[in-house]
Each structure stands twice: as C-alpha cells, then as structure tokens.
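Working notes, structure below.
The values are calculated or read from the model by the stated rules, or taken from the named source; none is laboratory data. These numbers were taken from a predicted model, which means no experiment stands behind them. Here Cβ is always computed from backbone atoms with ideal geometry, including for glycine, and neighbour counts include all displayed protein chains. Surface areas here come from the heavy atoms of the whole protein model, side chains and all, with no ligands, DNA or RNA. Shrake-Rupley method; radii C 1.70, N 1.55, O 1.52, S 1.80 Å.
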Amino acid sequence: MSSIVMRYPFKNGSTIHKQIKLISSNKIRTLITGPPPTTPSTHRHTTPTSAPLPSPVPLPFFSPEVSTANAGNGDAKPLYVPGSQADRLARVGRMSSPLRRGSHESWWSGDMGWFNAVAKTIPTYRVLDEEGHLVKGTKVPEHWLCQYKYRTMTLIPIVDNVLYQSQRQGRISFYMQCAGEEAAIVGSSAAMLEGDEMFGQYRESAALLHRGFTLDALMSQCFGNVEDKGTKGRMMPVHYSAPELGFHTITSPLATQMPQAAGAAYALKLDEDRQGDCVICYFGDGAASEGDFHAALGMNSVLGGPCIWFCRNNGFAISTPIIDQYAGDGIASRGPAYGLDTIRVDGNDALAVLSAVREARKRAVEGKKGVLVEAMTYRVGHHSTSDDSSMYRRVEEVKEWTVVDNPIHRFRAFLASKSWWDETSEKNLLASHKSAVMKAFSRAEKLPKPKLGEMFNDIWGVGKGDEVPAVIMEQRAELGRLLKKYGDVWEPWRKERKRFVEEGMDVMDCDGRGS
C-alpha cells in the first residue's frame, strides 16, 4: 500500500493537504465467470433465466392542473399541455413503457440496477459423471444408438492418428484432430435427423462419419485424389463436403459458416416443403470472438429459422486460452442477449450432449428460431499439424484430461455398467476399425489425382449452351503451353505430372482460347 499527498489551494492563499492511500494488487488474473461471490448484488431483480420476470410496478396516475375556464365543458385542458384528455392519456401510455425504448420486458425503477449477468451462475447439464455413472434419474437412449455412437467415437481416434502421422511423413499436407471432443461431436450429430443441414468448422469429421460418410470418401478428400467428389482435389485436407448428407463444405476462414447457417435456417423457415428440418452450425470459442458470430446470431434472432448454434468450448483458440478471449460467463451468457433459448452442457458426456441437442432441435423446429448450446470440453490434441501446443500449455495438463475426464472412457464405462459392452467386444471393434482405416488409407494413397483441367471447372456458373469466360480458357491454354514446353524436360514437373489423370494432356490440347 502506498499514498500520495494532494494540495488544494484556496483564494486567500492558504493550502490544505490531504493524504490519499493507494492500494495496488499483484493478484494473478483468473477466469471471470460472473460476479465474485463477495460482491453484493445491486440488481434487485436477479432471477434464474427460466423464471418469469417480476410484474412491473404500476406508475402513479398523474392528473395535471386544469384551466378553470374550461372546467365545466367536459374537455378541460392542462394549463401547459396541448391536446385533448384522450391524446394526453395515450401519450402518457406510450411513454411509460420501456418496451418503447427497445426492451421486451422491463419496468421503471428509481434505483440503479447494475448487473453483469442474467443469472448468478449458468449450470452445466450432465447425465454421466467422470466414471460413467448416471448422476440423475433420466431416460437412457436406445441400446442400439448408444452402441452406434460408441463405434464412431472409437473410430475417429484411429483415423486421426493415421492421418496425423501421415502428414508428419509428408504423405498429406495438413490435418486437424478432434481428440478429446468425440462426445460433443458424435453426441450432437446423433441428435440430428436425415433432412437436417450441417455446417462444420474443422473438427466435425466424426459427425460426418456418424452421418454415413465413408472412410473411402474421407481419405479421398485428405489425399485430394480422383474420387474426391466433394472438393475435387482442390481443397486442403479436412475441408470435407457432402451435399448428399446435408453437410456443407468446410471453409478455412474462421466463423464464415455462421452467417451461411443463419441464411440456410431462414430459407428452411420460408420453404413449405422443408418444414420440420433444422440447421446445426458448429463453431468453437475462438469463432465466437469473430464478428461473424454476432452477425449470424443477430440475423437468426430477428429473421428466425430453425438453427442450433453448437459451440465446442474446448478452452483454446489455437494458442489463445479462453481467459484471454472473454471476461464474461462463457459463450452461453451471450444467448439471452439475442433472445435465444440457451443451455450449457458437459461436452465430454455423450448422453448429456445427445439429450440437450435433441431438446434444442425440438425447440428450434417448433419455434422456428435459433437455440444456443455450449458444450464444455477440452482440446487434447494440437490445434493442427502446424501447431505445437506444448509452447503454451503444460504437457501434464493434457495428460490429466486424457485420464481424469476422457469422453470415450466415460461412455465405455456406462455401456459396461449396462452389460452392453465387454472386453471382447472392445478388442474386436478396435481391430476392425484399424483394418478398415488402413485399407481405406492405402487405397486412397494409390489413386491418381483428378485431371489438371479440373482446377478450371466450377469457377463460373455457365448455363447450358453458354461459353466459358475467355479469362478461364486463356489461363487453361497458358498452363497447357507451359506443360508442353517444360513438362518433359524439367524433372519436378515430369514427376508431378504422373500423379494426375492423363498426366496433364487434357490441358495440353488447348490452343489459343482453348480446344
């Protein structure tokens, strides 16, 4: 504690001195999740988000002084207010409601009602504890669905491991894992129906597999080979696309899928043939720091449309921890600001995620509106193959999460407690997964890449009978000219050409504007 002395001069020349104490704090900043427990509430109407707001206190009736000259004619007027009595009462009614000022439900108060949260705490919904025991009496999902979810949850770590190591060996260019988030991704996908639309961010490969995406299709996209039907070998690995499954193409820029999802939800609302379908949009805590997050939720809250905003709060935006991203109570606290039904769920509890997203989908479809789900989980793996997370977090921290709160171990313990799973089943399943993954991997690696000319397709929307724009044909012809000149004499190009269907001959036949 230190102090300073302040001098206050007076007009008569005298001076008074005051000593003011200064208090400094060296406390380490911790994550703020709402007001500190020691801080008294100054908001008199703190209520849970599900409780009805208190009724507004009626305003006292105001009767202004009237002119004595007109007191007996039935249309007495205040001395200083123009208009009839009906006009004055209507004006008072309009001005006395905070609704006119932009709030849906509020009341006038003579006391300042400061607040920094809509509730003191936001609960986190869970069904299973860390050991896989039911913590609350609840309806257990169907036996077959639990086993199907578990098969996908155990498949994706093997896929991740093989493709991650293959990037390290230079066999693919890039990869991102979903390690530690299997329950959040598979549980949410299992709650969606066949006609629903999915907008992924980066780590939703498990959701896609659970929806019916094949291992061959997944491997083909990562290798960019001729069987990559979604992105035709032109996108980075893990940027999947499966229109036939309602899965929209993943794009690299952060949070760009969110306004797209808001638009898709609005389109479903307007389409009479799509009533009952729903959109789910995946994003992370880092994407919630982007402007597109607010643009999307603002659009969806005002225009409407069934959409589940599913946030995987895994603790990090690449290397930026959540403590450096926001000071409020997570992402769930933002939902009420947009008028969205909101829930926070244990993202490592597959049953809790399934139950929460099923209810979220029901609310979204019935209300034709958005619903926010925040799944609290942890990113066990590195952000991507371009990242080394040991530079910004302790290795011991990661190991602790894999042991103490492993979503796969938790769900397996639950299945075993129901006698739905045993060691033999586990051994056979993992062996089957490894065999299938390696078979798909080996096959995809051997397939050639698409024709070189494929890179010039799908750039412009060309109608039947229309010509491809000249600029595209000129670029195609230029590539063909360069291949003719250097394709056989420069070793790097000669070697690379062999990886493509027709070895580039499809563009080498161009002449001028094209063949």
How many residues of region 336-384 are aliphatic (A, V, I, L, M), closer than 20 Å to GLY132 by Cβ and not in a helix (DSSP H, G or I)? The answer is 4
Only listed residue being within 21 Å of the chain's Cα centre (by Cα), in the same structural domain as VAL373 (by the TED database), buried (at least 19 other Cβ atoms within 10 Å of the Cβ) and assigned to a helix (DSSP H, G or I), chosen from PRO237, PRO259
PRO259
Has region 308-320 got any residue that is touching a residue at least 40 places away in the same chain (Cβ under 8 Å), surrounded by fewer than 18 Cβ atoms within 10 Å (Cβ to Cβ), farther than 24 Å from GLU194 by Cα and polar (S, T, N, Q)?
yes
Scan region 325-335 for residues that are in a loop (DSSP other than H, G, I, E, B) and either free of Cβ contacts under 8 Å to residues at least 24 places away in the same chain or not hydrophobic (A, V, I, L, M, F, W, C) (or both) and report the count.
6
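Being in a helix (DSSP H, G or I), touching a residue at least 60 places away in the same chain (Cβ under 8 Å), in the same structural domain as PHE414 (by the TED database) and over 25 Å from PRO243 (Cα atoms) narrows it down to one of SER188, SER166, so name that one.
Being in a helix (DSSP H, G or I), touching a residue at least 60 places away in the same chain (Cβ under 8 Å), in the same structural domain as PHE414 (by the TED database) and over 25 Å from PRO243 (Cα atoms) holds for just one of SER188, SER166, which is SER166.
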Within the set of pairs 6 or more residues apart or between chains, which connect a residue that is closer than 12 Å to LEU452 by Cβ inside region 466-482 to a residue that is not hydrophobic (A, V, I, L, M, F, W, C) with Cβ atoms less than 6 Å apart?
ARG476/GLY514
Unique residue being of a type in the set (Val, Ile, Thr) and farther than 14 Å from GLY180 by Cβ when the list is VAL353, VAL380, VAL345
VAL345
Could you go through region 159-170 and let me know if any residue there is over 20 Å from the mean Cα position of the chain (by Cα), of a type in the set (Gly, Ala, Ser), within 21 Å of PRO450 (Cα to Cα) and open to solvent by 20 Å² or more (accessible area, probe 1.4 Å).
yes
Restricting to region 417-428, count the residues that are open to solvent by less than 60 Å² (accessible area, probe 1.4 Å), in contact (Cβ under 8 Å) with a residue 12 or more places away in the chain and of a type in the set (Gly, Ala, Ser).
0
Contacts under 9 angstrom Cβ, first residue in region 434-461 being within 30 Å of GLU478 (Cβ to Cβ), partner of a type in the set (Ser, Thr, Tyr) and open to solvent by less than 50 Å² (accessible area, probe 1.4 Å), 6 or more apart:
LEU447/SER220
Criterion: among the acidic types (Asp, Glu), open to solvent by 10 Å² or more (accessible area, probe 1.4 Å) and touching a Lys or Arg at 6+ places or on another chain (Cβ under 7 Å) - qualifying residue of ASP129, ASP216:
ASP216
Checking PHE414 against (1) under 21 Å from LEU134 (Cβ atoms); (2) open to solvent by 30 Å² or more (accessible area, probe 1.4 Å), the condition it does not meet:
(2)
Where residues in region 395-411 are assigned to a helix (DSSP H, G or I) and under 11 Å from ALA183 (Cα atoms), which of them is most open to solvent (accessible area, probe 1.4 Å)?
HIS409
Helices (runs of 4 or more DSSP H) wholly inside region 420-515 containing at least 2 residues that are assigned by the TED database to the domain that holds SER166 and over 24 Å from LYS229 (Cα atoms):
423-446
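Would you say VAL371 is open to solvent by less than 30 Å² (accessible area, probe 1.4 Å) and among the aliphatic types (A, V, I, L, M)?
yes
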Name the residue that is surrounded by the most Cβ atoms within 10 Å (Cβ to Cβ), counting only residues in region 191-210 that are over 17 Å from ASN313 (Cα atoms) and in contact (Cβ under 8 Å) with a residue 60 or more places away in the chain.
MET198
